[in-house]
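The values are calculated or read from the model by the stated rules, or taken from the named source; none is laboratory data. Source: prediction; values computed, not measured. Cβ sites come from the backbone with ideal geometry, for glycine too, and all protein chains shown count toward neighbours. SASA here: full protein model, heavy atoms, side chains in, ligands and nucleic acids out. Shrake-Rupley method; radii C 1.70, N 1.55, O 1.52, S 1.80 Å.
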Amino acid sequence: MPWQGLARRFPVLGYRDFRLLLADRVLAPGAFAFSLVAVSFAVLDATGSTADLSYVLAAQILPTLVFALVGGVFADRVAPQRVIAAANVLIALGEGGFGLLVLFGQPRLWQMIALETMTGAGMAIFYPASQALLPRLVPDSLLQEASAMSRLAMNAAQMAGAAIAGVFVAATGPGWALATCGIGMLGTVPLLLAIRAPGAEREERHNVLRDLRDGWSAFASRRWLWATTIQYCVVLAAWYGAFDVLGPVVAREHLGGPAAWGLITAADAVGMIIGGVIGMRYTARRPILFVVVIGSTCAVTPLALATLLPLPLICVAAVGLGISLEVMMVQWTVTMARNVPPDLLARVSSYDVLGAVSAMPLGALLAGPIAAAVGVSATQYGAAALIVVASALTLLAPEVWRMRAGPAAGTEEPAAEVPTGVPAEAKAA
């Protein structure tokens, strides 16, 4: 088979379940990229209001405040790929339904908010389950390669999807793009259900509240974890409002509309692809310090939009940010997997994502009204300053500087399926 030759170079491809996950990581992001471009322009076409766009995008994030923790509990109880399949069905219903409304009628604001809330619920339960799944598919020695490769596939698909989606929306309108997203997300379900990885082994079962308390204790006891979570709470709120909410406004008024925004989104994905290649081999000696410093680079794209740089230069900024964020995410994923027990990883990850994105709805809600009051550029300058200040303050935590790369003391190699079709020397790698 073709993958057997690749498995000699990349041993992680010898694991059947990982190959299935890789296929999902191509189809799902490629489909969802159509939503990333289409939702903003569907709202702007329907209402013409930046404030309404803020409300709709905030509705996509708000469910995280409820469903991320629930998703973490279930992903630690059952096979996480089933949780991800359920998440993708919710996203398919939300985006596909939005597409049908656009195609067959004039969507009202409350309808758009309701459907994006459903999408947001799926996104919320996806992240903790995704964090818990990968370490159950491959051994620790291949975890960095697996993380980088899965994210590389995901970002390549997002890049291609975003580039196609920009042209697609400009040619046919956002309705067909949203419907395409829904169909693609449904197509991932058979791939996920074919993965055989079981749920984490636990000595005893508790009720949901006890599970949540145990997850919180594990999260709160790691200062490096909650310090960076607080940092990214501020960083992502400021960046989301300045870039995801106000970026399409800048593209529509100054850069040429949906096609330009599709190019910017694709440029970000190009950077992530490059970052994924780097992330396969690069290991930061102080991974948490690396994560904190990279957080400050999120100011780059709001500044590029605020200064109304030419489109090619904005795309260059997006590529640079994509590279740094992707290398950072590989370091973060591996550090979490190596320093949090497997039976707690999904719950701890749910607190991480809850904290990191909890202020994003506020950023989305405030960006539109503030921009209407003081101007889009001034709002983006303020967001960039907030990102830099939050990152600088996080450097004051001693644990940020102390953590070193490598497996945590006392960790054991997780069980994983035996790779098939791989030479003996690759199995030993």
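Give the residue, chosen from VAL249, VAL235, that is modelled with pLDDT of 90 or more and closer than 30 Å to ALA384 by Cβ.
Step by step, each of VAL249, VAL235 is checked, and only VAL235 is modelled with pLDDT of 90 or more and closer than 30 Å to ALA384 by Cβ.
Please go through region 216-249 and give me each residue that is surrounded by fewer than 24 Cβ atoms within 10 Å (Cβ to Cβ) and over 18 Å from the mean Cα position of the chain (by Cα), ordered by number.
If the condition is that a residue be surrounded by fewer than 24 Cβ atoms within 10 Å (Cβ to Cβ) and over 18 Å from the mean Cα position of the chain (by Cα), then TRP216, SER217, ALA218, PHE219, ALA220, SER221, ARG222, ARG223, TRP224, TRP226, ALA227, VAL249 are the ones that fit.
Quick one: GLU399 ticks every box in (1) modelled with pLDDT of 85 or more; (2) part of a helix (DSSP H, G or I); (3) under 19 Å from ARG222 (Cβ atoms) bar one, so which box is it?
In the conditions (1) modelled with pLDDT of 85 or more; (2) part of a helix (DSSP H, G or I); (3) under 19 Å from ARG222 (Cβ atoms), GLU399 misses (1) alone.
With respect to the numbered conditions (1) buried (at least 18 other Cβ atoms within 10 Å of the Cβ); (2) under 29 Å from LEU22 (Cα atoms), which one is the sole condition not fulfilled by MET112?
Among (1) buried (at least 18 other Cβ atoms within 10 Å of the Cβ); (2) under 29 Å from LEU22 (Cα atoms), the lone unmet condition for MET112 is (2).
Being open to solvent by 40 Å² or more (accessible area, probe 1.4 Å) and assigned to a helix (DSSP H, G or I) is the filter here; which residues of region 298-310 pass it?
Those that are open to solvent by 40 Å² or more (accessible area, probe 1.4 Å) and assigned to a helix (DSSP H, G or I): VAL300, LEU303.
In region 338-350, which residues are buried (at least 24 other Cβ atoms within 10 Å of the Cβ) and not polar (S, T, N, Q)?
VAL340, LEU345, ALA346, ARG347, VAL348
When the residues of region 250-260 are filtered to those that are open to solvent by 10 Å² or more (accessible area, probe 1.4 Å) and assigned to a helix (DSSP H, G or I), which remaining residue is nearest to VAL37 (Cα to Cα)?
Looking at residues that are open to solvent by 10 Å² or more (accessible area, probe 1.4 Å) and assigned to a helix (DSSP H, G or I), I get PRO258.
Any idea how many residues of region 116-130 are open to solvent by less than 20 Å² (accessible area, probe 1.4 Å) and in contact (Cβ under 8 Å) with a residue 60 or more places away in the chain?
The total comes to 6.
For every residue, the table says whether it meets (1) more than 14 Å from VAL250 (Cβ to Cβ); (2) open to solvent by 80 Å² or more (accessible area, probe 1.4 Å); (3) part of a helix (DSSP H, G or I).
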position	(1), (2), (3)
GLY363	yes, no, yes
TYR381	no, yes, yes
ALA385	yes, no, yes
LEU393	yes, yes, yes
